[in-house]
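Some notes on the structure that comes next.
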Amino acid sequence: MSILVFCENIEGTFKKNTLEAITYGRKLAEQTQSPLAAVVNGSPDVEVLKTYGIGKAYLLEGSNTGDSASLAKGIAGVCSKVDASTVILTYNSTGKSIAGQLGILCGAGVVNSVNALPSSLEPFQVSQSVFAGKAEAVVEVPGEKKVLGLQSNSIKIEEAPVDTIDTEIVTSDGGSRVEVIRQDKISGGVPLPEAELVVSGGRGFKGPENWNILEDLAGVLGAATACSRPVSDSDWRPHHEHVGQTGITIRPNLYIAIGISGAIQHLGGVNNSKTIVVINKDPEAPFFKAADYGVVGDLFDVVPRLTEAVKKYKGA
Ligand SMILES: Cc1cc2nc3c(=O)[nH]c(=O)nc-3n(C[C@H](O)[C@H](O)[C@H](O)COP(=O)(O)OP(=O)(O)OC[C@H]3O[C@@H](n4cnc5c(N)ncnc54)[C@H](O)[C@@H]3O)c2cc1C
């Protein structure tokens, strides 16, 4: 039986979380002594996948419509073709939308938010992040078939070059009941879900006219920008930047929270960040309890000074 990695083609490129999924799949294939293959939506240039150990890729034609049902069907078809024991997905919006459907189509046990390689192969046990990252559960999948949704930043990308990559075009039979009318893509900047550094702002900024203070800091650090929910609810920032229980969950190496109180619903989306820095004028702000480093001060004073200090440091 094979290990199959879904490599999401986003406008001809493969993002960091896909390279993590390949590394995960390759290590699992080594542990289980199984063949490794990739399934790709559309038919982009897949030469780059060789660098990470993919020697066989199935290119799903007709699956790049943005419709998760048709994508899940196409992947399920490849699963039976390669007799996949395990399908690795990234735990992003695409992965989340297809994991359950794939589980049903392949008769597989689905584990989402997987954050490590399996601790045991027989029986198959793997850990997942639960309760918005506040706890970890070890789950057992009793059947032979599994679908694993890998949380980003859970494994270090490793190169393992192979000489050639063999590709095969597979036609997704579609058969979906959904017609995608339009897709609006987010453009520019560092995509938040895969960012290593994130600078995030809350209501403490008082209004959208002050966001340049945050953007200046993010710019010098090369960081993505994020915000609390009230900020996106008030249209100061677009909805896709809102992190937390009802927004997106991120695990960057550095999360700088500025003028955010640290409500439980916000922490749920960010508390797995490796290092958290909090800047808040209220020393009693709950976020300080989750912080590795804290600065008690007025953001309008602290942040421009921090930006200047980073600029100076980078200049030196
Ligand atoms: C069901 C549910 C789901 C929710 N989901 C989410 C979610 O996914 N994400 C989310 O973020 N929230 C979510 N919320 C809302 C959450 O409970 C909080 O209300 C919200 O996170 C608060 O946003 P904030 O910290 O930006 O604003 P506030 O709570 O108003 O905090 C502003 C902070 O800025 C500080 N501040 C003010 N001025 C300055 C200054 N000049 N310098 C420095 N610091 C300053 C203040 O001391 C304060 O700590 C949810 C709520 C519910 C009920």
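What do you reckon, is residue 163 within 30 Å of residue 28 (Cα to Cα) and more than 16 Å from the ligand (Cβ to nearest atom)? Here the answer is yes, as residue 163 does meet what is asked. Do we find a residue being in the same structural domain as residue 243 (by TED's automatic domain parsing), in contact (Cβ under 8 Å) with a residue 40 or more places away in the chain and of a type in the set (D, E, K, R) anywhere in region 283-302? Within region 283-302 (the criterion being in the same structural domain as residue 243 (by TED's automatic domain parsing), in contact (Cβ under 8 Å) with a residue 40 or more places away in the chain and of a type in the set (D, E, K, R)), the answer is no, since none of the residues qualifies.
Is it the case that region 205-224 has a residue that's assigned to a loop (DSSP other than H, G, I, E, B), within 7 Å of the ligand (Cβ to nearest atom) and buried (at least 23 other Cβ atoms within 10 Å of the Cβ)? No, because not a single residue in region 205-224 is assigned to a loop (DSSP other than H, G, I, E, B), within 7 Å of the ligand (Cβ to nearest atom) and buried (at least 23 other Cβ atoms within 10 Å of the Cβ). Considering only residues that are more than 12 Å from the ligand (Cβ to nearest atom) and not in a strand (DSSP E or B), look in region 277-303 and name the one that is farthest from residue 203 (Cα to Cα). Here the residue is 292. One residue is enough: does region 237-246 have a residue meeting the conditions closer than 21 Å to residue 113 by Cα and part of a helix (DSSP H, G or I)? Taking every residue of region 237-246 in turn, at least one turns out to be closer than 21 Å to residue 113 by Cα and part of a helix (DSSP H, G or I).
Kindly establish whether residue 305 is surrounded by 13 or more Cβ atoms within 10 Å (Cβ to Cβ) and among the charged types (D, E, K, R). Let's see the steps before the verdict.
Values: surrounded by 13 or more Cβ atoms within 10 Å (Cβ to Cβ): no; among the charged types (D, E, K, R): yes.
The answer is no for residue 305.
The test for being assigned by TED's automatic domain parsing to the domain that holds residue 161 and under 15 Å from residue 3 (Cα atoms) does not hold for residue 69.
Taking the condition away from the ligand (no atom under 16 Å from the Cβ), outside the structural domain of residue 57 (by TED's automatic domain parsing), part of a loop (DSSP other than H, G, I, E, B) and in contact with a helix residue (DSSP H, G or I) (Cβ under 9 Å, 6 or more places away or on another chain), does residue 186 pass?
Values: away from the ligand (no atom under 16 Å from the Cβ): yes; outside the structural domain of residue 57 (by TED's automatic domain parsing): yes; part of a loop (DSSP other than H, G, I, E, B): yes; in contact with a helix residue (DSSP H, G or I) (Cβ under 9 Å, 6 or more places away or on another chain): yes.
Considered against the rule, which asks whether it is away from the ligand (no atom under 16 Å from the Cβ), outside the structural domain of residue 57 (by TED's automatic domain parsing), part of a loop (DSSP other than H, G, I, E, B) and in contact with a helix residue (DSSP H, G or I) (Cβ under 9 Å, 6 or more places away or on another chain), residue 186 comes out as yes.
Please enumerate the residues belonging to region 304-316 that are free of Cβ contacts under 8 Å to residues at least 40 places away in the same chain and assigned to a helix (DSSP H, G or I). Step through it out loud before you land on a result.
Applying the first criterion (free of Cβ contacts under 8 Å to residues at least 40 places away in the same chain) to region 304-316 yields 305, 308-309, 312-313, 315-316.
305, 308, 309, 312, 313, 315, listed by residue number.
Hey, any hits in region 261-271 for a residue that's on the phi > 0 side of the Ramachandran plot and either polar (S, T, N, Q) or within 9 Å of the ligand (Cβ to nearest atom) (or both)?
So in region 261-271, the residues on the phi > 0 side of the Ramachandran plot come out as 262.
After this cut, where a residue has to be either polar (S, T, N, Q) or within 9 Å of the ligand (Cβ to nearest atom) (or both) as well, the list is 262.
Yes, region 261-271 contains at least one residue that is on the phi > 0 side of the Ramachandran plot and either polar (S, T, N, Q) or within 9 Å of the ligand (Cβ to nearest atom) (or both).
If you filter region 239-250 down to residues that are of a type outside the set (Asp, Glu) and crowded, with 22+ Cβ neighbours inside 10 Å, you find that the one that is farthest from the ligand (Cβ to nearest atom) is 250. Among residues of region 41-59 that are without any contact (Cβ under 8 Å) to a residue 40 or more places away in the chain and at negative phi, those with a beta-carbon under 8 Å from a residue that is buried (at least 23 other Cβ atoms within 10 Å of the Cβ) and assigned to a helix (DSSP H, G or I) at least six positions away or on a different chain give the pairs 41/71; 41/74.
Would it be correct to say that residue 216 is without any contact (Cβ under 8 Å) to a residue 12 or more places away in the chain and either more than 21 Å from residue 115 (Cα to Cα) or not assigned by TED's automatic domain parsing to the domain that holds residue 306 (or both)? Taking the combined requirement at face value, the residue does not satisfy it. Residue 231 fulfils the conditions (1) more than 11 Å from the ligand (Cβ to nearest atom); (2) assigned to a helix (DSSP H, G or I); (3) under 22 Å from residue 285 (Cα atoms) except for a single criterion, (1). Residues to consider are 72, 38; find the one that is out of contact with any strand residue (DSSP E or B) (no Cβ under 9 Å at 6 or more places or on another chain), buried (at least 23 other Cβ atoms within 10 Å of the Cβ) and under 20 Å from residue 15 (Cα atoms). After applying the criteria, what remains is 72.
Go through region 44-84 and count every residue that is closer than 14 Å to residue 166 by Cβ and either polar (S, T, N, Q) or assigned to a strand (DSSP E or B) (or both). The total comes to 4.
The values are calculated or read from the model by the stated rules, or taken from the named source; none is laboratory data. Note that the coordinates shown come from a computational prediction; the quantities given were computed from them, not determined experimentally. Methodologically, a virtual Cβ is constructed for each residue, glycine included, from the backbone with ideal geometry; neighbour enumeration extends over all protein chains shown.
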